Amino acid sequence: MPTQIEKLEGHTSHLLDAFIRLRERYALLEPMLFDQQVPKLRGAGRQARGFLTLRHSLFLSCAQDIAKLSFDSDERTPSIKNLMAALDDSSLTSSLRERFAVWHLPSVEEETDPEIVAVLRRMKLREQDERRTQFDEILAAGRTTWNELATSGHMSGFLTIRDKITAHTEVQHVADKYQPVDIGNLGIKWADLRRAIDAMQNLVEALGLLIRNAGFAWDMLDEQLSRAGKDFWLPADAAT
């Protein structure tokens, strides 16, 4: 059986993979929302209906994943909510902090001069204290970001989309008629997608550092996805 930390490491890794897939879908959607040339080139005439269908489908898919990756509470599910809750365990957090702080380097063991050994050990202890402080700062910032994200109005709207439109189709009795939930009444703006994804990325990055002691090349991913989204919507005869 995997240990608790091994389970959390696995969930954190899978959360990262799922979040990257969300970013990939949003990279195709974002030009449809904010690049004025894309609707002009692709959203008019005979392509108009397909453009609107694709935009609607991508929006619902992104909204569902934002809600799922943030709030799913099943213990088998990698979600930000579950991983942040696990970090409320002080004993677990202490173990993770030590793993984050204590790096086993060969320099002290290989050195024979006792004075150099003493200096290296003092440097090592100072660096470990600095990394413990860094761990606590990342954790505190992550908790603040999570509290802000979890209580934001647009996240409530994304949850409603997941629970009543995409995962289940709910109809409501309004004015003597049954009709589906109206997305327009949820108070979600196009920009809320990017706002939620940016906050989630900060949390996914923090969880990777705290639980796996591993970073990620976000700048490279941003560049790749931005290029992929723009290239997809280029006219067919555009130069490569």
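For the stretch 54-69, enumerate the residues that are in contact with a helix residue (DSSP H, G or I) (Cβ under 7 Å, 6 or more places away or on another chain) and either modelled with pLDDT of 95 or more or not polar (S, T, N, Q) (or both).
Matches in the stretch 54-69: Arg55, Leu58, Phe59, Leu60, Cys62, Ala63, Asp65, Ile66, Ala67, Lys68, Leu69.
Going through Glu9, Glu24 one at a time, which residue ends up being touching a Lys or Arg at 6+ places or on another chain (Cβ under 9 Å) and assigned to a helix (DSSP H, G or I)?
One residue alone meets the criteria, Glu9.
Name every residue in the stretch 98-153 that is modelled with pLDDT under 60 and part of a helix (DSSP H, G or I), in order of residue number.
Scanning the stretch 98-153 gives Ser107, Val108, Glu109, Glu110, Glu115, Ile116, Val117, Ala118, Val119, Leu120, Met123.
Which of the residues that make up the stretch 43-60 are open to solvent by less than 60 Å² (accessible area, probe 1.4 Å) and either touching a Ser or Thr at 6+ places or on another chain (Cβ under 8 Å) or charged (D, E, K, R) (or both)?
Leu60
Among the candidates Ser73, Ser13, Ser57, single out the residue that is closer than 18 Å to Leu207 by Cα and without any contact (Cβ under 8 Å) to a residue 12 or more places away in the chain.
Ser73
Within the stretch 167-201, how many residues are modelled with pLDDT under 65 and surrounded by 15 or more Cβ atoms within 10 Å (Cβ to Cβ)?
2
Within the stretch 73-84, is even one residue among the hydroxyl-bearing types (Ser, Thr, Tyr) and open to solvent by 30 Å² or more (accessible area, probe 1.4 Å)?
yes
The values are calculated or read from the model by the stated rules, or taken from the named source; none is laboratory data. Computed from a predicted model, the values in this text were never measured in an experiment. As a convention, Cβ positions derive from the backbone with ideal geometry for all residues, glycine included, and neighbour counts pool all protein chains shown. To get the accessible areas, we keep the full protein, side chains included, count just its heavy atoms, and leave off ligands, DNA and RNA. Shrake-Rupley method; radii C 1.70, N 1.55, O 1.52, S 1.80 Å.
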